[in-house]
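First the structure, in the form of structure tokens, and then the observations on it.
Values in this text are rule-based calculations from the coordinates and carry no lab data. Model, not experiment: these values are computed from the prediction. Ideal geometry is used to build each Cβ from the backbone, glycine not excepted, and the neighbour counts take in all protein chains shown.
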Amino acid sequence: MEKPSKNKYPSVTHISNAEHIGIVKEIFSTITERYDLLNHVLSMGIDVYWRRFTVKKMRFFKTFRLLDVATGTGDIAICASAANPDIGITGLDFTWNMLKAGKIKISRKKPDQKIALVQGDVMSLPFSDNTFDVVSIAFGIRNIPDRKAAIEEMIRVLVPGGRLMILEMTFARHSLFRKAIGFYLNRILPLVAGKITANPGAYHYLADSIMNFPPPAEFAGSLEGLGLKEVTAHPLTFGITFLYIGLKPEG
């Protein structure tokens, strides 16, 4: 494998699953302090709208519990708590630095809310079957090499009828948008990131992971193939981002 550096990481198409996991751990351990700022700056603040849209689509009906996987610093958890103050929320991430920053942010913004942050691995969730009404993951599924196994594990902890919600960026298929977004991802984004973070190479990886994520129809089809029902794909901001929703079958 090509040796990663602060300037560049190898493409996700040329690394093993173990190498991919190692790169993700390194990246999210080195950009923690500027992670929220970079997300807002580089999306021009639109990421806030994407998360709010996701939370509006959540439905709580049995356990009134939400699991947010790859929670990072807890943005989805905080947004969901504000919209649904009576639910219990667990945010899970495998990077301790992110969780530590998230705990500080939650204590500052929502000290009275029911948000628990735990360190864990989506490939082996530390929860019983049928525990959560909703399982969400925002901008994290592309960082998981074995997406099939991760999604199966998230489905396992959903109650029958519960919602799996995946918010993820995609690479525009329209030729005009492809050129514009490709230029932004490969030139502008790393340049801006280099002024803000000590590891601008992380955002070269980000661009690469977005451009190599499956097209929306293909990814939605893969969710159906894993047994989810009524799968929908909601395009956001001209299809820059999609919210995928699937229901766990009853019975």
Task: Per-residue Cβ neighbour rank within 10 angstrom, fewest leading, Arg59, Arg187 - done: Arg187, Arg59
Task: Charge sum, other residues only, whose C-beta stays under 12 Å from Leu226's C-beta, Lys/Arg counted +1 and Asp/Glu -1 - done: +2
Task: Extended-chain gain in nm, criterion 0.36 nm per residue less alpha-carbon gap, Lys109 and Asp129 - done: 4.1 nm
- [ ] Excluding residues on the same chain fewer than 8 positions from Lys8, give the aspartates and glutamates whose Cα lies under 14 Å from its Cα.
- [x] Glu26, Asp208
TODO: Search the structure for amide H atoms under 5 Å from the amide H of Ser136, placed 1.01 Å from N in the peptide plane, and list their residues when 5 or more places away or on another chain.
DONE: Leu67, Asp68, Val69, Met165
Task: Per-residue HN-Hα couplings for region 222-231 [Karplus 6.51, -1.76, 1.60; θ = phi - 60°; Hz; x = Gly/Pro] - done: 5, 5, 5, x, 8, x, 6, 10, 6, 5
Open item on the list: Once you place label points 7 Å from the Cα toward the Cβ at Arg52 and Leu37, how far apart are they in nm?
Closed with: 2.4 nm
Task: Least to most buried among Val192, Val24 (fewest other Cβ within 10 Å first) - done: Val192, Val24
